[in-house]
Each structure stands twice: as structure tokens, then as C-alpha cells.
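Taking it in order: structure first as C-alpha cells, then the write-up.
The values are calculated or read from the model by the stated rules, or taken from the named source; none is laboratory data. Because the structure is predicted, anything quoted here is derived from the model rather than measured. Cβ placement follows ideal geometry from the backbone for every residue including glycine, while neighbour counts extend to all protein chains displayed.
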Amino acid sequence: MVKMSDNLTGQKKTAVITGGSSGIGFAVASRLAADGLTCILIGRNRQKLEEACRKTGNNSYGFPADLTDLSSLPALVREIASKFGRIDVLVNNAGIHLKKPALEVTDEEYQRVILTNQTSVFVLTRETAKIMAAAGGGSVINISSMASHYGLPGVIAYAASKSAVEGMTRSLAVELAPYNIRVNCIAPGFIKTDMSSSALDSDPSRKERVLARTPMARLGKPSEVADAVSFLVSEAASFITGIVMPVDGGNSIGF
Ligand code: NDP
């Protein structure tokens, strides 16, 4: 554990945010920390985690971990639960992108995206839900992508992984409702982060099309996704489960 604060109370609600050290995940961690939750940030890069915890302020802790190491995840969840006493919120945000023509994607590349974006989400959620169920409830947010709603070329593995995340959201929402665990999904449109910059800056005509069909005519801000997470995990959303909420400036309904 990367220890960033001595203010370990065990009383406050605790949120685990995967990929919390950059982009959307960092904005989510900042927002949930501002909402008063203790935030546990997971990512592979220890230095990035330390930096993110410093910026998020009191009550943020980094756990360096590679989510593709599936067999390590049960122990990771147990360690977090025993250190903090509870896990109220899980935000499955970590993900990788692969932009490549489908006919050139290798088996290894395909599997790497599925393992990171889909299988690890299931394993981490399964383990965390056991803790939440024993404690009387919780809230899970999955981050999918508008890429799974469109026929977008060049993102076959990514689109497949994110479509699965949306299916898992509905399935788990039904199975976990009896344990008072809500499971929802946010499908961001095009949000300005390192990931989208590398996909769009190398392809100016795609960027132009994205902006042209987004009624709000701009990329989204990570904080705008974080605001939606904050709402969905709050009591204000206590009767909402199993939904996929677009946060996309109208991109999905733009003509
Ligand atoms: P970033 O590339 O900025 O952040 C991805 C995060 O995931 C990093 O913190 C990275 O940390 C972490 N991560 C990646 N692989 C692993 C792994 N194996 N184990 C642990 N952590 C990992 O991406 P964004 O903020 O743009 O995207 C966040 C999520 O939002 C993703 O799921 C993405 O698919 C989704 N999304 C993004 C959109 C956008 O326009 N930006 C649009 C739609 C969806 P580290 O490298 O240290 O491991």
C-alpha cells in the first residue's frame, strides 16, 4: 500500500477506483474524495499512484496492482477490506485501448484487451461483492464506452470488451439486488484524456467526425464523468440499478 495520509478512520465510506491514477479514474477519485469517501486507487504504476493520492488529498491510498493478474485479486480485495474495514463502492474504470484493423489484430492482442477490460472486471467485482454482501450492501459502477454502441471501425477487441461489461452490468444488477448491491454502468462518449488523445490525435478525420456528430460540439471532461459516478453511488440514486448511462454530450443521439 502507498500510504499518503495518517487519517485512517475506518468509519467513512470507502471506494475502490481502478485506474484511479489518471484520466477519468483520477477525476472520479477526486470527486468521491471531495464527497467525503475514503478512496483506494488501483493501478500498475506506483509513482503515478503516489502523485494521484497527493493531489486527491486526505484519505486517498494507492494500491499498486496489475488487474490482469487474476489470481492475485482475491487477496488484494481481502487486504483492502481488512485495512479499511469496509468497501462501499467499486468503480471498475481501468482499461486499455487497441486501435487496429480487425484483420490485423493478433490472438494475444485480443486476449490482452479482454483480460484487462472484461475478465478482471468480473473477478474484482465478484470478490468485492462478497465483502459488500456480508456488510449489507454497496454500489458498483462499471465504465464501458460508446464504442460498444456504434459500429466503430478499428476497435474490435475494445468494443467487444465494453459490450461484455454492459451485459455483465445487467446480469449482476439482477443477481446482486437481493444483497442490496446496486450495479450500474456509465458509457462515456469522447472524453479528453491520454487514452482518447492517442486514439484521436493520430486520426484527425475521426476527431472531426466525433465533434461534428456531438450536439455539444466538444469533447467531455473527466470531471463530467466523475459527476455521474458521484450521483449513481449516492443515496439520490438508491432505486437505480442495471442502467447504462451515456455521458457523451449527446453524441449517441447526434445526427
Ligand atoms: P487512461 O489511459 O488515462 O487511464 C487508464 C487507467 O487504467 C490508468 O490509470 C492505468 O494505470 C489503469 N490500468 C490500465 N491497465 C491496468 C491494469 N492491467 N491493472 C491496473 N490498472 C490498469 O484512460 P481513460 O481515463 O481515458 O479511461 C478510463 C476508462 O474510461 C477506460 O475503461 C476507458 O475504456 C473508458 N473510456 C474512456 C473514454 C475516453 O474518451 N477517454 C471514452 C469511453 C470510455 P497504470 O497504467 O498505472 O496501470
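Residues in segment 9-38 that are polar (S, T, N, Q), closer than 23 Å to P74 by Cα and near the ligand (Cβ under 7 Å from one of its atoms): T18, S21. Scanning segment 163-209 for residues that are assigned to a loop (DSSP other than H, G, I, E, B) and more than 8 Å from the ligand (Cβ to nearest atom), which turns out nearest to E127 (Cα to Cα)? Checking each candidate, the answer is N180. Does segment 167-178 contain any residue that is β-branched (V, I, T), within 20 Å of the chain's Cα centre (by Cα) and buried (at least 23 other Cβ atoms within 10 Å of the Cβ)? Yes; the residues of segment 167-178 include at least one that is β-branched (V, I, T), within 20 Å of the chain's Cα centre (by Cα) and buried (at least 23 other Cβ atoms within 10 Å of the Cβ). If you check G189, G95, G138 for being in contact with an Asp or Glu (Cβ under 8 Å, 6 or more places away or on another chain), touching a residue at least 40 places away in the same chain (Cβ under 8 Å) and under 22 Å from L41 (Cβ atoms), only one passes: G138.
When each of L73, L41 is tested for being within 13 Å of the ligand (Cβ to nearest atom), buried (at least 16 other Cβ atoms within 10 Å of the Cβ), closer than 18 Å to V165 by Cβ and at pLDDT 95 or above, the lone residue that passes is L73. Here G57 passes the criteria (1) touching a helix residue (DSSP H, G or I) at 6+ places or on another chain (Cβ under 9 Å); (2) surrounded by 14 or more Cβ atoms within 10 Å (Cβ to Cβ); (3) at pLDDT 95 or above except the one numbered (3).
Rundown of residues vs (1) within 11 Å of the ligand (Cβ to nearest atom); (2) among the polar types (S, T, N, Q); (3) outside any strand (DSSP E or B), yes/no style:
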{"residue": "K48", "(1), (2), (3)": "yes, no, yes"}
{"residue": "K55", "(1), (2), (3)": "no, no, yes"}
{"residue": "N58", "(1), (2), (3)": "no, yes, yes"}
{"residue": "D66", "(1), (2), (3)": "yes, no, yes"}
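In segment 225-255, the qualifying residues are those that are in a helix (DSSP H, G or I) and more than 27 Å from A177 (Cα to Cα), and the one that is nearest to the ligand (Cβ to nearest atom) is N251. Restricted to segment 109-122, and to residues there that are crowded, with 19+ Cβ neighbours inside 10 Å and over 23 Å from I243 (Cβ atoms), the residue that is farthest from the ligand (Cβ to nearest atom) is V113. Anything in segment 144-162 that is part of a loop (DSSP other than H, G, I, E, B) and within 12 Å of the ligand (Cβ to nearest atom)? List them, or say none. If the condition is that a residue be part of a loop (DSSP other than H, G, I, E, B) and within 12 Å of the ligand (Cβ to nearest atom), then S144, S145, H149, Y150, L152, V155 are the ones that fit. Taken together, the criteria place L124 among residues that are under 20 Å from A65 (Cβ atoms) and in contact (Cβ under 8 Å) with a residue 40 or more places away in the chain. Checking each residue in segment 95-108 for being under 16 Å from A147 (Cβ atoms) and either within 14 Å of the ligand (Cβ to nearest atom) or part of a helix (DSSP H, G or I) (or both) picks out G95, I96, H97, L98, K99, A102. Has segment 74-86 got at least one residue that is of a type in the set (D, E, K, R), under 16 Å from L41 (Cα atoms) and not in a helix (DSSP H, G or I)? Within segment 74-86, one or more residues are of a type in the set (D, E, K, R), under 16 Å from L41 (Cα atoms) and not in a helix (DSSP H, G or I).
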